[in-house]
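Contents: one structure, followed by commentary.
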Amino acid sequence: MKNLSKTISTIAIIIAAVILGAMPQSLMAQTTYKLIADKDVSIKVLGTSNVHDWMMASTVMESQGDFKLSSDHQLTGLSSFSFSLEARSLKSEHSSMDDRTYKTMKADQFPKVAYKLSSAVITEVQKGKYSIKTTGELTIAGVTQTITMVVTAVVNSDNTITCSSSQPLKLTDYKIDPPTFMLGAMKVKNDLTIQFNLQYKNNQLITKAN
């Protein structure tokens with residue numbers, strides 16, 4: 001009986017040691033990455049009207065996420081991801097359209113467009129490239145909706161991570177009436193597409209560089 005008790009105690013100690021030994025590695029592997037401010041980093045809103053297609057874009061935004069990479073730099077997890085931009089940072093080629101858009105989006109009352117991740121499922125497409133099925137909450141004009149979005153993520157050779165996607169939305173889902181221009185001659189349609197190309201860098205490396 002003593003030998004059995006001793007064996008059980010030994011096994012328990014070994015299991016505890018394995019768990020405790022693995023915890024620091026897991027914590028170290030999950031690192032906060034921040035968005036890199038760069039001219040190639042952008043988010044675009046594409047739409048159409050009864051007259052012509054249109055686009056608004058912004059390169060001014062804030063975003064970060066906890067990306068988990070394995071020891072051989074494979075992307076294995078994503079959590080605590082957030083994104084926000086000032087509604088008034090979105091610009092088109094026409095200032096009159098911008099002003100009307102800000103009014104329609106209630107930019108004075110709700111100045112930020114924001115997204116917060118709820119869950120992510122990662123599938124490797126090829127070495128260094130991944131498809132991430134995300135679920136999160138997108139807030140526009142003070143209205144929050146849960147959206148599912150497929151994001152392509154690439155772990156680059158310099159260990160930065162590039163995320164890109166194209167997501168359809170409807171204005172009315174956010175209680176926004178499609179705006180009109182030129183005394184109603186131009187009518188914006190309800191369907192939009194959000195496109196983004198965002199690049200992230202290990203926050204520790206950014207801190208050291210500064």
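Below is a table of values for the structure above.
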| quantity | calculated |
| --- | --- |
| Point-charge dipole on Cβ atoms (K/R +1, D/E -1) for region 87-160, about Cα centre, debye to 20 | 100 debye |
| Whole-Hz ³J(HN,Hα) from phi, Karplus 6.51 cos²θ - 1.76 cosθ + 1.60, for region 113-119, glycine and proline x | 9, 9, 9, 9, 6, 9, 7 |
| Additional length obtainable on full extension of the chain from LYS116 to THR144, 0.36 nm per residue less Cα span | 9.1 nm |
| Theoretical FRET efficiency, 1/(1+(r/R0)^6), r = Cβ-Cβ of SER49 and SER165, R0 25 Å, to 0.05 | 0.55 |
| For MET186, residues with placed amide H under 5 Å, excluding near neighbours | PHE181 |
| Per-residue HN-Hα couplings for region 51-57 [Karplus 6.51, -1.76, 1.60; θ = phi - 60°; Hz; x = Gly/Pro] | 10, 7, 6, 8, 8, 10, 9 |
| FRET efficiency, 1/(1 + (r/R0)^6) with R0 35 Å, evaluated for LYS91 and SER71 via beta carbons | 0.25 |
| Table column - 3J(HN,Hα) (Hz), region 83-99, Karplus curve with 6.51, -1.76, 1.60, x for Gly and Pro | 8, 8, 8, 6, 4, 6, 7, 6, 10, 10, 7, 10, 5, 5, 5, 4, 4 |
| Extension gain, VAL125 back to ALA57 (0.36 nm per residue minus Cα-Cα distance, nm) | 21.6 nm |
| Per residue Cα convex hull volume in Å³ - calculated over region 24-107 | 131 Å³ |
| Translational diffusion coefficient (Stokes-Einstein; Kirkwood radius from C-alpha pairs) of region 51-210 at 37 °C, 0.692 mPa s, in µm²/s | 189 µm²/s |
| Interchain or long-range residues, amide H under 5 Å from THR32's placed H | ASN203 |
| Percentage of interatomic Cα-Cα distances in region 148-198 larger than 19 Å | 50 percent |
| Potential lengthening between ASP40 and THR193 on full extension [0.36 nm per residue; Cα-Cα distance subtracted] | 53.2 nm |
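We did not get these values from a lab; they are worked out from the coordinates using the rules stated. Computed from a prediction, not measured in an experiment: that's the story for all the values here. Cβ sites come from the backbone with ideal geometry, for glycine too, and all protein chains shown count toward neighbours.
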